[in-house]
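Shown next, in structure tokens, is the structure this report addresses.
The values are calculated or read from the model by the stated rules, or taken from the named source; none is laboratory data. Quick caveat, the model's predicted, so the values are computed rather than measured. Neighbour counts are summed over all protein chains in view; Cβ atoms, including those assigned to glycine, are modelled from backbone coordinates with ideal geometry.
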């Protein structure tokens with residue numbers, strides 16, 4: 001059975017609708033699936049229903065961006081890390097209310113980023129983005145608004161050639177801090193909704209991961225042991241950007257400490273890599289039906 005527990009839809013920064021993801025998952029013979037949009041669970045009930053209709057086992061999911069710091073690294077300065085919530089009640093009031101607050105903050109943050117962009121554009125003689133531009137960006141998003149949506153709009157406007165150039169030239173420089181969600185808060189929210197919390201892509205060289213603090217795998221898992229184990233239930237051992245050493249190291253760590261092991265492609269449909277990561281069947285057995 002193919003398993004993919006890390007997929008993004010148009011409700012965050014994916015290209016496909018929920019229906020498109022379920023159709024593609026069926027075509028690719030994925031048997032156990034979770035859509036894990038950034039800070040957004042608005043599609044979960046729809047996804048569960050559509051998956052059931054085509055015989056795919058579905059588990060609720062979300063990816064939360066957490067502000068984390070460790071005194072031994074980067075002089076204790078905070079870095080962003082991603083955590084995956086699974087199997088929670090998508091109707092839980094506390095979880096829904098907090099995610100709504102985060103969504104509102106995302107819009108405020110996006111507006112500030114556009115202000116910073118306009119300051120850069122003025123230096124380069126590029127026409128400023130207007131309120132109308134912001135409304136078009138908002139209209140392109142089904143759920144949580146983020147920098148990737150702004151990047152795509154800059155491509156559409158012809159200001160940059162692709163999303164990567166948008167980040168390299170503007171969006172890193174013009175960034176505004178994300179919503180300050182801390183690990184304890186994320187843990188309380190997910191566990192309060194009867195879910196489980198998992199550290200996402202811990203050694204991702206191109207994403208928000210512990211690799212920003214240290215590239216040493218033993219040091220990474222020591223950080224998890226010291227600062228996370230009492231608040232998380234597992235770790236993502238299989239990921240599309242893992243090398244074999246990373247996967248092996250985190251499997252050993254998870255088995256040693258008796259925590260969950262999960263895996264997924266982190267597919268945003270750019271390109272479509274859904275179901276391409278070989279996640280062992282026993283991963284599904286860790287979660288009750």
**Request:** Residue by residue through region 127-152, note down the ones that are farther than 15 Å from residue 112 by Cβ and without any contact (Cβ under 8 Å) to a residue 24 or more places away in the chain.
**Result:** 127, 130, 132, 135, 136, 139, 140, 151, 152
**Fill in**
By my count, helices (runs of 4 or more DSSP H) wholly in region 132-205 with at least 1 residues that are outside the structural domain of residue 236 (by TED's automatic domain parsing) and out of contact with any helix residue (DSSP H, G or I) (no Cβ under 9 Å at 6 or more places or on another chain) are 183-192
**Request:** Report yes if residue 218 is in a loop (DSSP other than H, G, I, E, B), over 28 Å from residue 120 (Cβ atoms), touching a helix residue (DSSP H, G or I) at 6+ places or on another chain (Cβ under 9 Å) and not assigned by TED's automatic domain parsing to the domain that holds residue 127, otherwise no.
**Result:** no
**Request:** Within region 213-250, track down each residue that is surrounded by fewer than 19 Cβ atoms within 10 Å (Cβ to Cβ) and closer than 25 Å to residue 271 by Cα.
**Result:** 240, 241, 243, 244, 245
**Prompt:** Residue check, residue 112 against (1) in a helix (DSSP H, G or I); (2) surrounded by 18 or more Cβ atoms within 10 Å (Cβ to Cβ), all met but one. Which one?
**Reply:** (2)
**Request:** Kindly list, by first and then second residue, each pair from a residue in region 191-207 that is under 14 Å from residue 266 (Cα atoms) to a residue that is modelled with pLDDT under 95 and surrounded by fewer than 21 Cβ atoms within 10 Å (Cβ to Cβ), limited to pairs with Cβ atoms under 9 Å and residues at least 6 apart or on different chains.
**Result:** 200/207; 200/208; 201/207; 201/208
**Asked** Taking region 27-37 only, how many residues are over 17 Å from residue 281 (Cα atoms) and either touching a residue at least 40 places away in the same chain (Cβ under 8 Å) or surrounded by fewer than 20 Cβ atoms within 10 Å (Cβ to Cβ) (or both)?
**Response** 3
**Asked** Which one of these does residue 40 not meet: (1) surrounded by fewer than 16 Cβ atoms within 10 Å (Cβ to Cβ); (2) within 30 Å of residue 220 (Cβ to Cβ)?
**Response** (1)
**Pairs where the first residue, in region 92-107, is within 14 Å of residue 195 (Cβ to Cβ) and the second is surrounded by fewer than 17 Cβ atoms within 10 Å (Cβ to Cβ), C-beta under 6 Å, 6+ apart** = 94/192
